[in-house]
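Below is one structure; the comments refer to it alone.
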Ligand code: B12
Ligand code: SF4
């Protein structure tokens, strides 16, 4: 990891040095990208710093963000060497680590390294894993970092950082006491954030917006946050060039930004942690309800991206098309004005609902969509929750969806998922068999032959993540799940986009081997594995 160019720090008011890391994937990561969750978490703090210093360069030296590529063996990695050097030289007072369930072991290894070199560094965990792991921490009555932030992190992280700034030489214990003694300030922050800290008597939690009843608390909208500070990324060009769906005529990847206009998905697939109101956060399930950003706020980000030399955008919204038509039309006008190439992930159902917009989308620069077909078996699809609130049930067949996209000259990436648990079985084992997997692969192969706009197929094994409907159901009816020990790490599981981690019983090694080999045979170069 390249350390930021040396900038004189004399003009900084505070001497607090921070370091923020997106915990790396434990293997060869299939898709690379900007750590948007971490950047959003830093947005309020970076904005405060920028107002004080008027220099992005100074802020990016004071609180750099590292987004390393996948690391299989942290103890023998280049990342470990670079981190050791950085921590020894800069002795950051705060290290923030963004965690995924898959990257949790790497997050722990990073924390241990930091603590070994600099025990009085405050280590804060936040991110997708923490967002849904609160009740497990409570159950174990311990957390693995000095502080854990779940849910809306931006204001909480800023508040914690300013408490550290108010006494930069405090020990970790003193910082925790200061935080606890100023809990009322934190409780008055907006959004649905939660801070966990361990005290001598066990875990304490501080909830933002505490005066509001927990079910009425509203998530902080993206439009209420400053634009995510991509300039903090130490390897911004590298992490922004992983999208080979956007290339120039020399087949070089374009500099691509990930952008979101809304959070949360109106559908509710049982294996997914993006369904609004269905994903368990603490003992409640808050999530974005009216989540769209204003057009003005989005335009500010697009202008900034143009200035920074970005040429393409991938919209990370759970379902980009699932927006009111009037709003989507305004977004398209904006995209046409700024002339980005862009793509998004969305559902078949939302494509059908927005079909009259496809030509306009194409004109506005859209040349790619990623859709989840997931599985063709009706029984299996029933089991992953397509009946919940309308789920992903589509109004036309998949051929219809692909032909509409082909006509609009839009490339398509397809996601397939194997090994869905059967929630009606007492052990919640999968009903996936060689025959059902073979059928899904054969059928997809036919589609690839029929529709040349299908550029790739991503194969996934359904994995239990904390807080999802299938995980909640499994824990309730069968038993605990090992979310972070990361079972199933052998080579064949690591080949899938999502393959390592806990799966339903019945997804045996031999079935997984079959899926990997048969998919490779049938999809050839179009297999994203
Ligand atoms: C962008 C993205 C990526 C990018 C960037 C990843 C990265 N390095 O950060 C790419 C494409 C590389 C990626 C990869 C993966 N991803 Co991803 N990704 C997302 C996505 C689409 C958007 C995240 C986002 O910005 N959300 C919006 C922000 C505002 O919310 P947030 O992320 O919750 O962040 C808030 C808080 O968590 C908190 N916070 C976040 N970080 C930190 C750090 C600190 C210190 C603090 C205090 C707070 C804090 O503050 C933020 C603002 O409130 C989400 C789905 C989604 N729509 O949310 C999936 C999602 C996060 N990914 C997921 C998964 C499974 C993966 C992969 C494992 C897939 C794979 N098999 O390869 C890998 C793991 C990568 C890794 N490093 O280990 C899951 C996570 C499930 C889980 N429990 O871990 C999600 C939820 C998708 C899903 N439904 O399954 N991903
Ligand atoms: S449609 Fe996609 S994002 Fe929405 S709940 Fe289903 S899998 Fe998750």
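Restricting attention to the alpha-carbon atoms of the chain, what are Rg (one decimal) and Dmax (integer), both in Å?
My reading of the Cα-based Rg and Dmax gives 22.8, 67 Å.
Once the piece of chain linking residue 363 and residue 15 is laid out straight, how much longer is it, given 0.36 nm per residue of separation minus the C-alpha distance between them?
Length gained, residue 363 through residue 15: 120.3 nm.
In the stretch 467-488, whose amide N lies under 12 Å from the spot 7 Å out along Cα-to-Cβ of residue 140? List them in ranges.
481-486
To the nearest 10 degrees, how steeply does helix 154-166 sit against the main Cα axis of the chain, on a 0 to 90 scale?
20
So how far apart, in nm, are the two label points at residue 356 and residue 300 if each is 7 Å from Cα heading toward Cβ?
The two pseudo-label positions are separated by 3.3 nm.
If packing is taken as the average number of other Cβ atoms within 10 Å across a peptide's residues, how do 364-372, 511-519 rank, most packed first?
Highest to lowest by the protection proxy: 364-372, 511-519.
Rounded to a whole number of µm²/s, how large is the Stokes-Einstein D of the stretch 18-207 at 25 °C and 0.890 mPa s, given Rh as the Kirkwood radius over C-alpha pairs?
Stokes-Einstein gives a translational diffusion coefficient of 146 µm²/s.
Using mean Cβ contacts within 10 Å as the protection proxy, how do 254-263, 321-330 order, highest first?
254-263, 321-330
Over all distinct Cα pairs, what is the inverse of the mean 1/r for the stretch 453-516, reported as the Kirkwood hydrodynamic radius in Å?
With all distinct Cα pairs of the stretch 453-516 included, I get 12.7 Å.
Taking the Cβ-Cβ separation of residue 90 and residue 213 as r and a Förster radius of 35 Å, what is the calculated FRET efficiency to the nearest 0.05?
0.20
With r as the distance between the Cβ atoms of residue 31 and residue 120 and R0 = 35 Å, compute the FRET efficiency 1/(1 + (r/R0)^6) and round to 0.05.
0.45
Taking Cα atoms of the stretch 28-91, Rg/Rh with Kirkwood Rh, to two decimals?
1.04
Tell me the mean residue ellipticity at 222 nm calculated for the chain from its helices only (DSSP H runs of n ≥ 4, each -39500 (n - 2.57), averaged over every residue, nearest 500).
Computed ellipticity for the chain at 222 nm equals -10500 deg cm²/dmol.
I'd like the distance between the alpha-carbon centres of the stretch 458-517 and the stretch 126-153, rounded to an integer number of Å.
Between the Cα centres of the stretch 458-517 and the stretch 126-153 lies a distance of 22 Å.
Sorted by average packing, counted as other Cβ atoms within 10 angstrom per residue and highest first, what order do 212-218, 159-165 take?
Those peptides, ordered most packed to least, come out 159-165, 212-218.
Report the gain in length on full extension from residue 167 to residue 325: 0.36 nm times residue separation, minus Cα-Cα distance, nm rounded to one decimal.
Stretched fully, the residue 167-residue 325 segment lengthens by 51.8 nm.
How much length is gained on full extension from residue 82 to residue 476, taking 0.36 nm per residue of separation minus their Cα-Cα distance?
Contour length minus Cα-Cα distance gives 137.6 nm.
What angle, in degrees between 0 and 90 and rounded to the nearest 10, separates the Cα long axis of helix 434-450 from the longest principal axis of the Cα atoms of the chain?
Between helix and principal axis, roughly 80 degrees.
Using C-alpha positions alone, give me the convex hull volume of the stretch 253-528 per residue in cubic angstrom.
Normalising the Cα hull of the stretch 253-528 by residue number yields 137 Å³.
All of the numbers you see were taken from the coordinates with simple rules; none came from a lab. These numbers come from a predicted model, not from an experiment. As a convention, Cβ positions derive from the backbone with ideal geometry for all residues, glycine included, and neighbour counts pool all protein chains shown.
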